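One structure below.
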Amino acid sequence: MKQTARIISIHAADTSGVCSMLYELGGMVVVHDASGCNSTYSTHDEPRWYRQDSMIYISALTEADAILGNDEKLIGDVVSAAKDLSPRFIALCGAPVPLLAGTDFPAIAAEVESRTGIPAFGLHTSGMRSYLAGASEALKAVVSRFCTDALPRTDAPSANIIGATPLDFSINGTVESMIDWLNRSGFELVSCMAMGSTLDDIRRASAAHVNLVVSSCGLATAELLLERFGTPWVAGVPVGKKFPAVLASALKTAAKTGECALPCAERDASSPVKKLAIPGETIFSGSLAAAIESDLGAPCRVLCPLEAEDRLLAPGDIRIFDEDAAAEAFAASSVVIADPMYAPVCPPDVPFHRLPHEAFSGRCYRKESLNLIDRPLPWRF
Amino acid sequence: MLKKLNGADDMTGAEVAIRDAEFPVPFVSGLEYNAPARGPWNIVHTGMLIPESHQVFACAQGCLRGVILTAAEMIAMDRMSWISVDKNDLFDGSLERNIVDGTAEIIRKLPKKPRAILLFISCVHLFAGCDFEVMLDELRAMFPDIDFIDCYMNPTMRKSGLTPDQLMRRQLYAPFMPCPADKNAVNLIGNDRPTDESSELVWLIRAAGRELRDITLCRTYDEYMRMAKSALNITYLPTAAASGDALEKRLGRRHLYLPLSYDLDEIERNLARFANALGIDTPDWTDAKRNALRALEQAKDVIGDTPVEIDYTATPRPVGLAALLAEYGFRVKRVYTDAMIEEERPSFERLRELAPDLLLTATVNVKMRFAGKGVHESGDVLAIGQKAAYFSGTKHFVNIVSGGGMYGFDGIARLAQRMIEAATHEQDTEAVIQHKGLGCRSCL
């Protein structure tokens with residue numbers, strides 16, 4: 001049944017996506033909510049919380065302020081905190097009650113900016129969409145605001161990585177491995193949005209020759225950079241042994257021709273043969289599917305439980321919006337590679353391989369998370 | 001780096017000497033930080049205390065995420081299901097239908113029918129004017145052999161009446177129906193961990209020949225339902241008092257609130273009230289009191305002048321505990337609390353005289369983001385509570401929440417013993433305090 005699950009988890013919400021994407025950029029993020037969003041985010045969705053400081057706060061919304069539309073309380077509190085902490089920017093977003101109350105975050109952000117002189121923007125979260133929607137809007141807002149100058153391209157080939165958050169890539173070295181691979185493939189890194197780079201690094205994004213989109217939450221920003229600076233993008237994650245070469249080649253071609261490419265979706269899962277199923281974020285899962293097909297010869301299908309544009313899916317990939325659809329798709333598969341929290345709905349006669357995805361199971365299986373970048377895959381079928 | 005850039009060494013507004021502090025709220029409210037100390041229980045942990053029950057949460061994705069992963073971390077996903085709320089549901093009149101149909105489908109899919117369903121709705125349902133009673137009536141008609149318990153995850157309403165934590169503790173006993181009273185049984189109500197067997201509270205129950213019943217000790221639903229018969233309900237946590245009041249009103253059971261205290265006179269008064277309610281003579285507590293004081297002296301000998309810091313998650317009366325320790329020579333430096341309960345007023349006044357320089361420090365103030373892991377401390381600290389451990393950066397801490405099951409003179413003696421253990425043994429603070437729901441199983 002739609003919107004119902006007996007036993008599986010649910011993906012991190014849009015508010016967590018906002019916080020995760022903006023975590024390292026020196027801004028202040030305020031989630032307009034009573035308490036739960038920040039507690040959930042900082043406990044389950046943010047592995048950097050303990051060791052790396054960031055100005056992520058909750059507004060501590062009350063019933064009275066929500067009903068009376070007391071936006072001045074939020075504005076005053078944000079202004080006061082900004083004066084104490086001097087963030088580089090201020091991002092405001094909301095949970096379900098502000099949605100119901102019709103809180104106008106862009107207007108509040110404009111007011112905050114006029115009172116503090118600090119760049120501020122309002123985002124359209126609701127706590128009812130996935131992290132991808134929030135992370136996407138947040139990154140696009142930052143890039144739109146701060147990445148305005150068309151800098152000369154770097155002398156050597158270079159790239160930005162767009163869409164990196166711990167929700168998709170944990171903190172197990174995967175992002176660092178992607179950067180190493182990019183360097184080995186002949187590209188300097190201009191910025192990694194948004195792990196390991198500063199806001200000033202991101203401001204120089206227009207100097208890159210090409211953009212590598214590693215999660216669908218980076219696509220809107222890549223499109224913005226294409227529109228603003230003509231920088232082409234390539235979507236894919238360099239997993240496995242052979243697929244990284246395909247991706248590197250696509251990056252070189254894109255940098256040369258200016259044409260965008262989707263190697264992660266250049267597959268065909270439409271044949272009737274039983275396939276290996278990979279549920280998850282589409283660019284990563286599509287890349288893994290391509291890698292498994294080329295490295296191990298097993299036909300794959302991506303199961304998409306999240307928001308994703310059609311162009312990110314290959315023919316035969318399917319959308320699974322609820323637990324029943326996941327169970328049905330697993331039952332029709334030869335093998336499943338998925339987050340362990342999908343295991344209870346996988347039939348016992350279908351082999352299940354665990355691949356933790358922090359955006360689904362939080363920190364439960366972090367110790368098992370795998371770095372699959374540019375190396376042999378750990379499975380045999 | 002951020003600390004320096006942002007001038008977070010300035011703790012104005014986040015810290016105040018008790019002599020200058022206002023009671024009960026010493027700090028101006030504002031944006032809030034969430035410190036990574038996860039030991040205090042949430043409504044999922046508490047609800048799981050009902051044996052053979054299953055939880056169904058109906059709320060938005062962001063809210064679901066926290067409760068589902070709470071269950072996952074405590075290895076209890078087989079007792080947790082959910083129904084998400086979409087934006088359209090708020091406006092197309094389908095909120096109630098989705099919950100009824102979704103819950104019914106979940107129950108049909110469960111491998112074993114639960115004895116009780118804890119059905120949680122959230123802030124948006126209340127704002128949207130959902131008729132919870134109608135939903136429950138329909139579900140009860142469909143599944144007459146299941147007890148449906150209305151539960152609430154409504155933090156937006158936390159200042160409009162009972163907090164979600166208080167509500168949860170009250171609803172924990174909602175299935176209890178009027179029945180003949182069993183005068184030989186006494187309930188401890190609203191706790192999330194057993195009370196020490198050695199405490200005077202339990203001792204009195206045993207001495208009176210009564211049976212002690214406590215949800216934390218129940219292994220089956222039938223055992224749990226037997227609690228409905230107990231003639232006397234005792235609460236001692238402020239968050240549990242509403243549970244006892246509700247049972248008194250609904251079932252006519254006598255309720256005694258005997259607040260957890262660190263004031264020797266108040267402890268004695270509480271125990272006298274309890275003995276009176278049990279119909280037995282009040283024992284002479286001289287030895288128990290002497291043991292408590294001796295334990296404090298021993299702790300003082302070990303801890304010496306090491307600063308002691310206490311936080312509000314360790315005990316509902318951190319100020320009272322600070323006053324006791326200050327009175328017996330400990331160098332209590334700081335109490336972490338954002339507000340104090342009215343019960344703390346006498347201790348607050350006493351502590352002002354005993355230790356006027358003692359600092360009250362907020363935990364949620366935005367500046368506390370940059371105050372963790374001991375950045376404001378030079379030298380070691382003995383902490384009582386996880387937030388005190390986090391902010392002070394110490395590895396020496398008493399790892400308890402909500403009083404830790406310690407009560408009375410015995411509770412003071414045991415706490416003193418725990419302080420000695422904390423002073424003499426290091427813990428991996430980062431690993432320990434990030435486990436959710438102290439005392440629950442954990443997959444981490």
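The values are calculated or read from the model by the stated rules, or taken from the named source; none is laboratory data. Quantities reported herein were computed from a predicted structural model and do not represent experimental measurements. We place every Cβ from the backbone using ideal geometry, glycine too, and count neighbours over all the protein chains shown.
I'm checking my understanding of the structure. Among residues of the stretch B:190-244 that are in a strand (DSSP E or B) and under 21 Å from the mean Cα position of the chain (by Cα), which one is surrounded by the fewest Cβ atoms within 10 Å (Cβ to Cβ)?
Among those residues, the one meeting the criterion is B:LEU212.
Quick check: is even one residue across the stretch B:29-42 assigned to a loop (DSSP other than H, G, I, E, B), away from every other protein chain (no Cβ under 11 Å) and at pLDDT 95 or above?
Yes, the stretch B:29-42 contains at least one residue that is assigned to a loop (DSSP other than H, G, I, E, B), away from every other protein chain (no Cβ under 11 Å) and at pLDDT 95 or above.
Just to be sure before I move on: is B:THR156 in a helix (DSSP H, G or I), in contact (Cβ under 8 Å) with a residue 24 or more places away in the chain, of a type in the set (Val, Ile, Thr) and touching a Ser or Thr at 6+ places or on another chain (Cβ under 8 Å) in the structure I sent?
Yes; evaluated as a whole, the condition is true for this residue.
Could you go through the stretch A:333-347 and let me know if any residue there is of a type in the set (Asp, Glu), on the phi < 0 side of the Ramachandran plot and either facing chain B (nearest Cβ under 10 Å) or out of contact with any Leu (no Cβ under 7 Å at 6 or more places or on another chain) (or both).
No - not one qualifying residue is present in the stretch A:333-347.
Any idea which residue in the stretch A:1-47 is surrounded by the most Cβ atoms within 10 Å (Cβ to Cβ), counting only those that are closer than 28 Å to A:ILE202 by Cα and charged (D, E, K, R)?
Once the filter is applied, the top-ranked residue is A:ASP14.
Look at B:ALA58 and say whether it is among the aliphatic types (A, V, I, L, M), surrounded by 23 or more Cβ atoms within 10 Å (Cβ to Cβ) and either under 23 Å from A:PRO305 (Cβ atoms) or within 7 Å of chain A (Cβ to nearest Cβ) (or both).
yes
Confirm whether A:ILE278 is β-branched (Val, Ile, Thr) and either in contact (Cβ under 8 Å) with a residue 60 or more places away in the chain or assigned by TED's automatic domain parsing to the domain that holds A:PRO244 (or both).
The answer is yes for A:ILE278.
Kindly provide the set of residues from the stretch A:200-221 that are in contact with a Phe, Trp or Tyr (Cβ under 6 Å, 6 or more places away or on another chain) and assigned to a helix (DSSP H, G or I), ordered by number.
Result: A:ARG203, A:SER206.
Determine, yes or no, whether A:SER287 is buried (at least 20 other Cβ atoms within 10 Å of the Cβ), of a type in the set (Ser, Thr, Tyr) and either within 21 Å of the chain's Cα centre (by Cα) or modelled with pLDDT under 95 (or both).
yes
What number goes with the only condition from (1) without any contact (Cβ under 8 Å) to a residue 12 or more places away in the chain; (2) out of contact with any strand residue (DSSP E or B) (no Cβ under 7 Å at 6 or more places or on another chain) that B:ARG140 does not pass?
Every listed condition holds for B:ARG140 apart from (2).
Could you pull out every one of the helices (runs of 4 or more DSSP H) wholly within the stretch B:325-435 that has 2 or more residues that are over 24 Å from the mean Cα position of the chain (by Cα), basic (Lys, Arg) and assigned by TED's automatic domain parsing to the domain that holds B:VAL302?
The qualifying helices (runs of 4 or more DSSP H) are B:345-354.
When you scan the stretch B:103-113, do you find a residue that is within 12 Å of chain A (Cβ to nearest Cβ) and among the small types (Gly, Ala, Ser), even just one?
To start, the set of residues in the stretch B:103-113 that are within 12 Å of chain A (Cβ to nearest Cβ) comprises B:103-111.
Adding the requirement that they be among the small types (Gly, Ala, Ser) leaves B:104.
Yes, the stretch B:103-113 has at least one match.
Quick check on my filter: what residues within the stretch A:50-77 are facing chain B (nearest Cβ under 7 Å) and either surrounded by 22 or more Cβ atoms within 10 Å (Cβ to Cβ) or in contact (Cβ under 8 Å) with a residue 12 or more places away in the chain (or both)?
Listed by number, the residues that qualify are A:MET55, A:TYR57, A:ILE58, A:SER59, A:ALA60, A:LEU61, A:THR62, A:ALA66, A:ASP77.
Check the stretch A:143-161 and report whether any residue there is part of a helix (DSSP H, G or I) and among the charged types (D, E, K, R). Give the derivation first.
First, pick out the residues of the stretch A:143-161 that are part of a helix (DSSP H, G or I): A:143-146.
Those left that are additionally among the charged types (D, E, K, R): A:145.
Yes, some residue in the stretch A:143-161 is part of a helix (DSSP H, G or I) and among the charged types (D, E, K, R).
If you scan the stretch B:73-99, which residues turn out to be surrounded by fewer than 24 Cβ atoms within 10 Å (Cβ to Cβ), farther than 18 Å from B:CYS130 by Cβ and at the interface with chain A (Cβ under 8 Å from one of its Cβ atoms)?
Across the stretch B:73-99, the qualifying residues are B:MET77, B:ASP78.
A quick yes/no check of all residues on (1) part of a helix (DSSP H, G or I); (2) closer than 26 Å to B:LEU162 by Cα:
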| site | (1), (2) |
| --- | --- |
| B:ALA246 | yes, yes |
| B:ARG250 | yes, yes |
| B:LEU256 | no, yes |
| B:LEU260 | no, yes |
| B:LEU271 | yes, no |
| B:ASP284 | no, no |
| B:ALA288 | yes, no |
| B:ASN291 | yes, no |
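Can you tell me which residue within the stretch B:49-105, out of those that are assigned to a loop (DSSP other than H, G, I, E, B), at pLDDT 95 or above and farther than 13 Å from B:LEU118 by Cβ, is farthest from the chain's Cα centre (by Cα)?
Step by step, filter the stretch B:49-105, then rank; the result is B:ILE75.
Here is a list of conditions, (1) touching a Leu at 6+ places or on another chain (Cβ under 7 Å); (2) assigned to a loop (DSSP other than H, G, I, E, B); (3) touching a residue at least 60 places away in the same chain (Cβ under 8 Å), and A:MET128 meets all of them except one; can you say which number that is?
Of everything listed in (1) touching a Leu at 6+ places or on another chain (Cβ under 7 Å); (2) assigned to a loop (DSSP other than H, G, I, E, B); (3) touching a residue at least 60 places away in the same chain (Cβ under 8 Å), A:MET128 misses just condition (1).
Specify which of the listed residues (A:ILE171, A:ILE161, A:ILE118) is farther than 19 Å from A:HIS11 by Cα, at pLDDT 95 or above and surrounded by fewer than 24 Cβ atoms within 10 Å (Cβ to Cβ).
None of the other options fit; the residue is A:ILE118.
Find the residue count for the stretch B:407-419, including only residues that are out of contact with any Ser or Thr (no Cβ under 7 Å at 6 or more places or on another chain), crowded, with 19+ Cβ neighbours inside 10 Å and not basic (Lys, Arg).
The qualifying residues number 6.
Does A:VAL143 satisfy being β-branched (Val, Ile, Thr), free of Cβ contacts under 8 Å to residues at least 40 places away in the same chain and closer than 24 Å to A:THR257 by Cβ?
No; evaluated as a whole, the condition is false for this residue.
Counting only residues that are closer than 17 Å to B:PHE409 by Cα and β-branched (Val, Ile, Thr), which one in the stretch B:254-283 is modelled with the highest pLDDT?
This residue is B:ILE267.
Would you please name the residue that is surrounded by the fewest Cβ atoms within 10 Å (Cβ to Cβ), looking only at residues in the stretch B:120-136 that are in contact with a strand residue (DSSP E or B) (Cβ under 9 Å, 6 or more places away or on another chain) and more than 13 Å from chain A (Cβ to nearest Cβ)?
The residue in question is B:GLU133.
Answer yes or no: is there a residue in the stretch A:91-107 that is within 13 Å of chain B (Cβ to nearest Cβ), modelled with pLDDT of 95 or more, farther than 19 Å from A:GLY36 by Cβ and surrounded by fewer than 19 Cβ atoms within 10 Å (Cβ to Cβ).
no
Kindly indicate the residue of the stretch A:17-46 that is of a type in the set (S, T, N, Q) and facing another protein chain (nearest Cβ under 7 Å) and also farthest from the chain's Cα centre (by Cα) among those meeting that condition.
Result: A:SER35.
Per-residue answers, yes or no, for (1) crowded, with 20+ Cβ neighbours inside 10 Å; (2) assigned to a loop (DSSP other than H, G, I, E, B); (3) in contact with a His (Cβ under 8 Å, 6 or more places away or on another chain):
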position	(1), (2), (3)
A:ALA277	yes, no, no
A:ASP295	no, no, no
A:ALA314	yes, yes, no
A:TYR342	yes, no, no
